[in-house]
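Q: Pasting in a structure now, in structure tokens, and then I'll have a few things to ask.
The values are calculated or read from the model by the stated rules, or taken from the named source; none is laboratory data. Please read these numbers as outputs of a predicted model, since none were measured by experiment. Remember, those area values only see protein heavy atoms, side chains included, never the ligands or the DNA or RNA. Shrake-Rupley method; radii C 1.70, N 1.55, O 1.52, S 1.80 Å.
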Amino acid sequence: MAEPLANQVLRKIGEVCSLYHRLILMVGPAGSGKASALKEVSARALQQDPLRLLQGLPRNKTVVAAWNGTIVDGYLTYAGPSHPEYRRYPIRDLEFPVLEAWK
């Protein structure tokens, strides 16, 4: 029996932690289970600080990222308060431009 994709990803996460590029690509056509595996992995192991993760990327390249959140009362938010990765960041502490797409 094949190892579930989510378990494969979790195993690979442990294997890449000592590599310079800690990138794991899941390749497969639409409907092959990538999204559901990532949701399971996220629920089990990947509680990340999304802003800090993005800030670590753009050392030599410009990165433009879409952020699924809001800016309210001077705070950038990510996810909802009941989500395990919910975060609030004071806009005044950010050292990069933030564009409000809905304005």
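Q: Give the number of residues within segment 74-103 that are charged (D, E, K, R) and in a loop (DSSP other than H, G, I, E, B).
A: Counting residues in segment 74-103 that are charged (D, E, K, R) and in a loop (DSSP other than H, G, I, E, B) gives 4.
Q: If you don't mind, another one. Tally up the residues in segment 66-103 that are within 12 Å of Leu51 (Cα to Cα), among the hydrophobic types (A, V, I, L, M, F, W, C), open to solvent by 80 Å² or more (accessible area, probe 1.4 Å) and more than 15 Å from the chain's Cα centre (by Cα), please.
A: So the count comes out to 0.
Q: Out of all the residues in segment 55-65, is one or more modelled with pLDDT under 80, open to solvent by 60 Å² or more (accessible area, probe 1.4 Å), of a type in the set (D, E, K, R) and assigned to a helix (DSSP H, G or I)?
A: no
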